[in-house]
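Input: a single structure, listed below in structure tokens.
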Amino acid sequence: MTTFAITNDLNWKVAHRPLFFTDATGNQQQWNERVAVVREDTNQCLGAVSPDYETVQNSDLLSLINPMVEEGLLDVKNMGHLNNGARVFAQAKVNSKFQVIGEDYDAYITLLNGHVGNASVAIGPTAIRVICGNTFAMAYSGLGERFRHSAGVNQRLLDSTAVMDYVNTAMLKYSQHVTTLALAPCSSQQYSHALTQVFDRDLVKIRQVEALNKLFYNGNGNEGKTYYDAFNAITDFSSNLSRKTTEGRFYYANFAQGNQLNQKAMRVLTELAAV
């Protein structure tokens, strides 16, 4: 079961420690093929990795945004972890709004790091529509950047310009996609077809279809006329109606199925708008 926690405290480190097993004679033998990843503050084992798995500490992850936070360009809004710290994340808001077809958007930079398994360090942008608070998580899509935990990963992170690049260019690219959607009319029949493509099932099998229809026609800022209204209906659902709790919606929209759904919605709707 995945545990999820939003916390302001990522001030802890992980360490690699040897693993042992009891052999047939009852003696302890070290298993050299794997090492345990342990939180130093709690002594909790988060998992096991290969000995050459290079750790990126939480402080090193946050160092990607700290200089811009100190300069007032970014403001950290969310930090937390999954599975007791096996994965950690941070989101920083860009302290200058940008406009898309006359609407204000907030831009966020999302950082994700895994201390175990095959979870790479990932960096990507998120756009939040101010008028209703729905979000489109662009991290881990084509706009995202990943760093594998192989030798030299910390140096590669130090050399990365991904955060500054996203602040300067990613939201412009997002604006161009949204403008395409806003200029393309979308009838009720086209919207229904779009939902079947995004959710990959017949309309009658989409349990959320009633809520999605309401958001298309009556969601904040929506009029049920364009593919932009269709896109906002889907992302608004992911961000605000998909789960009962704030933590659940945040996790769903940024790291779970909602993240994938939002990315697919942008891709599918952009293709349909171009027809």
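Within region 1-56, track down each residue that is of a type in the set (Phe, Trp, Tyr) and assigned to a loop (DSSP other than H, G, I, E, B).
Answer for region 1-56, where residues must be of a type in the set (Phe, Trp, Tyr) and assigned to a loop (DSSP other than H, G, I, E, B): 12, 53.
As an exercise: evaluate residue 236 against (1) acidic (Asp, Glu); (2) outside any helix (DSSP H, G or I); (3) buried (at least 19 other Cβ atoms within 10 Å of the Cβ) and give the number of the one condition it does not meet.
(2) is the only condition that residue 236 fails.
Quick one: in region 188-217, which of the residues that are β-branched (Val, Ile, Thr) and part of a helix (DSSP H, G or I) is surrounded by the most Cβ atoms within 10 Å (Cβ to Cβ)?
198
Please go through region 149-171 and pick out each residue that is in contact (Cβ under 8 Å) with a residue 12 or more places away in the chain and either surrounded by 14 or more Cβ atoms within 10 Å (Cβ to Cβ) or farther than 23 Å from residue 118 by Cβ (or both).
Those that are in contact (Cβ under 8 Å) with a residue 12 or more places away in the chain and either surrounded by 14 or more Cβ atoms within 10 Å (Cβ to Cβ) or farther than 23 Å from residue 118 by Cβ (or both): 149, 153, 154, 157, 160, 162, 163, 164, 166, 167, 170, 171.
So, of the residues in region 117-134 that are within 24 Å of residue 164 (Cα to Cα) and of a type in the set (A, V, I, L, M, F, W, C), which turns out to be modelled with the highest pLDDT?
Among residues in region 117-134 that are within 24 Å of residue 164 (Cα to Cα) and of a type in the set (A, V, I, L, M, F, W, C), the one modelled with the highest pLDDT is 121.
For residues that are in a helix (DSSP H, G or I) and small (Gly, Ala, Ser), scanning just region 161-187, find the one that is nearest to residue 274 (Cα to Cα).
182
Can you find, within region 33-90, the residue that is nearest to residue 250 (Cα to Cα) among those that are among the basic types (Lys, Arg) and outside the structural domain of residue 149 (by TED's automatic domain parsing)?
Applying the filter and picking the extreme gives 39.
Filter region 102-130 down to the residues that are of a type in the set (Gly, Ala, Ser) and touching a residue at least 40 places away in the same chain (Cβ under 8 Å), then identify the one that is nearest to residue 234 (Cα to Cα). Steps first, answer last, please.
From region 102-130, those of a type in the set (Gly, Ala, Ser) are 102, 107, 114, 117, 119-120, 122, 124, 127; that's our starting set.
Checking the rest, the ones that are also touching a residue at least 40 places away in the same chain (Cβ under 8 Å) come to 107, 117, 124, 127.
Numbers: 107: 19, 117: 31, 124: 20, 127: 14 Å.
Per the criteria, the residue is 127.
Residues being in contact with a Lys or Arg (Cβ under 8 Å, 6 or more places away or on another chain) and under 17 Å from residue 265 (Cα atoms): count how many of those fall in region 205-232.
Qualifying residue count for the region: 1.
Do we find that residue 242 is in the same structural domain as residue 264 (by TED's automatic domain parsing) and either touching a Leu at 6+ places or on another chain (Cβ under 6 Å) or closer than 19 Å to residue 275 by Cβ (or both) in this structure? Before you say what the answer is, go through the steps one by one.
Numbers: in the same structural domain as residue 264 (by TED's automatic domain parsing): yes; either touching a Leu at 6+ places or on another chain (Cβ under 6 Å) or closer than 19 Å to residue 275 by Cβ (or both): no.
Answer is no for this residue.
With the structure loaded, tell me whether residue 42 is touching a strand residue (DSSP E or B) at 6+ places or on another chain (Cβ under 6 Å), within 19 Å of residue 83 (Cβ to Cβ) and of a type in the set (Ser, Thr, Tyr) or whether it fails that test.
No: the conditions fail for residue 42.
Within region 213-227, can one find any residue that is modelled with pLDDT under 95 and of a type in the set (Val, Ile, Thr)?
Checking region 213-227: not a single residue is modelled with pLDDT under 95 and of a type in the set (Val, Ile, Thr).
The values are calculated or read from the model by the stated rules, or taken from the named source; none is laboratory data. Computed from a prediction, not measured in an experiment: that's the story for all the values here. All Cβ positions, even for glycine, are placed from backbone atoms using ideal geometry, and neighbour counts span all protein chains on display.
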